[in-house]
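Please read the structure below before turning to the comments.
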Amino acid sequence: MAYYTQEALAQMGFASLGRNVKISDKASLYEVHKMHIGDNCRIDDFCVVSGKISLGRNVYIGPFCLLAGGTPGITMEDFATLAYRVSVFSQSDDYSGATMTNPTVPAAYKAEIKEPVHIGRHCIVGAGSLISPGVTLAEGCSVGSASLVLKSTSPWTIYAGSPARRLKDRKRDLLELEQQYLATEAD
């Protein structure tokens, strides 16, 4: 995997760009002037990232992910993770047939759903999952692979399925590890 140099990233025109950011030179980024990227973030090969995006620190976006922030935006808080092929949408066409669809049709003939997506601290979303517009993944939420998340979640819980449903509580042991990690940065 080859990453853009820090100098190349600095020249791309991000709204803000943290330290030690790694973005694959095979990722496609659109409207970077609307993107805030925190320290130690990494975006891997073949991702498509567009629109209003805000990434906290230590956010990981695995290969082949799609983040369609559009105008409402997608926020991922510190230590959030998207595994391979996760798709996150803040906008969607109306599939009911009441209106027309797709980006070639003028807005007057469509009824797009436009709602921000929020992915909380320490959330992890499993490979092949899809997050719908308006969803909030609460802090510490874990989503199993190939899940369809249509509704917001509760904190520190594990969800899976299509549509995703709550399975059980998630451990919080990682919070102590976070403190240890952050203490090493202060040294």
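Identify all residues within region 92-118 that are of a type in the set (S, T, N, Q) and not in a strand (DSSP E or B); write none if there are none.
Within region 92-118, Ser96, Thr99, Thr101, Asn102, Thr104 meet the criteria.
Just checking, how many residues over region 63-102 are farther than 23 Å from Ser142 by Cβ and of a type in the set (Asp, Glu)?
Of the residues in region 63-102, 2 are farther than 23 Å from Ser142 by Cβ and of a type in the set (Asp, Glu).
Any residue at all in region 157-175 that is of a type in the set (S, T, N, Q), open to solvent by less than 80 Å² (accessible area, probe 1.4 Å) and at negative phi?
For region 157-175, residues of a type in the set (S, T, N, Q), open to solvent by less than 80 Å² (accessible area, probe 1.4 Å) and at negative phi: present.
Condition (residue is farther than 25 Å from Pro72 by Cβ and under 16 Å from the mean Cα position of the chain (by Cα)) applied to region 5-16: is it met by at least one residue?
Scanning region 5-16, I find no residue that is farther than 25 Å from Pro72 by Cβ and under 16 Å from the mean Cα position of the chain (by Cα), so the answer is no.
So which pairs qualify, if the first residue must be in region 1-23 and over 14 Å from Gly56 (Cβ atoms), the second must be outside any strand (DSSP E or B) and at pLDDT below 95, the Cβ gap must be under 9 Å, and the two must be at least 6 apart or on different chains?
Lys22/Met1
Determine if region 34-47 includes at least one residue that is surrounded by 17 or more Cβ atoms within 10 Å (Cβ to Cβ), in a loop (DSSP other than H, G, I, E, B), free of Cβ contacts under 8 Å to residues at least 60 places away in the same chain and on the phi > 0 side of the Ramachandran plot.
yes
Could you list, in sequence order, all residues of region 106-132 that are touching a strand residue (DSSP E or B) at 6+ places or on another chain (Cβ under 6 Å), among the hydrophobic types (A, V, I, L, M, F, W, C) and closer than 16 Å to Ser96 by Cα?
Listed by number, the list holds a single entry, Ile113.
Which ones in region 137-156 are free of Cβ contacts under 8 Å to residues at least 24 places away in the same chain and either open to solvent by 80 Å² or more (accessible area, probe 1.4 Å) or outside any strand (DSSP E or B) (or both)?
Ala138, Gly144, Ala146, Ser147, Leu150, Lys151, Ser152, Thr153, Ser154, Trp156, listed by residue number.
The rows are residues; the columns are (1) loosely packed, with under 15 Cβ neighbours inside 10 Å; (2) aromatic (Phe, Trp, Tyr); (3) more than 23 Å from Met1 (Cα to Cα).
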{"position": "Gly62", "(1), (2), (3)": "no, no, no"}
{"position": "Gly69", "(1), (2), (3)": "no, no, yes"}
{"position": "Pro103", "(1), (2), (3)": "yes, no, yes"}
{"position": "Ile113", "(1), (2), (3)": "no, no, yes"}
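Among the residues of region 48-66 satisfying the criterion of being farther than 16 Å from Ser90 by Cα and not in a loop (DSSP other than H, G, I, E, B), which is farthest from the chain's Cα centre (by Cα)?
Tyr60
Of a type outside the set (Lys, Arg) and open to solvent by 60 Å² or more (accessible area, probe 1.4 Å), is that true of Met1?
Spelling it out, Met1 is indeed of a type outside the set (Lys, Arg) and open to solvent by 60 Å² or more (accessible area, probe 1.4 Å).
Within region 74-91, take every residue that is of a type in the set (A, V, I, L, M, F, W, C), more than 11 Å from Arg57 (Cα to Cα) and not in a loop (DSSP other than H, G, I, E, B) and give me the one that is most open to solvent (accessible area, probe 1.4 Å).
For region 74-91, the residue satisfying everything is Phe89.
Output the residues belonging to region 14-33 that are open to solvent by less than 40 Å² (accessible area, probe 1.4 Å) and over 20 Å from Leu66 (Cα atoms).
Correct list: Gly18 only.
Exactly one condition in (1) under 30 Å from Asp45 (Cα atoms); (2) part of a loop (DSSP other than H, G, I, E, B); (3) free of Cβ contacts under 8 Å to residues at least 60 places away in the same chain; (4) not hydrophobic (A, V, I, L, M, F, W, C) is not met by Arg121; state its number.
Tallying (1) under 30 Å from Asp45 (Cα atoms); (2) part of a loop (DSSP other than H, G, I, E, B); (3) free of Cβ contacts under 8 Å to residues at least 60 places away in the same chain; (4) not hydrophobic (A, V, I, L, M, F, W, C), Arg121 fails exactly one: (3).
The values are calculated or read from the model by the stated rules, or taken from the named source; none is laboratory data. Every value quoted in this text rests on a predicted model; they were computed, and no experiment measured them. Every residue, glycine as well, gets a Cβ built from its backbone with ideal geometry; the counts of neighbours run over all protein chains shown. Areas reflect the complete protein model, heavy atoms only, side chains present, ligands, DNA and RNA absent. Shrake-Rupley method; radii C 1.70, N 1.55, O 1.52, S 1.80 Å.
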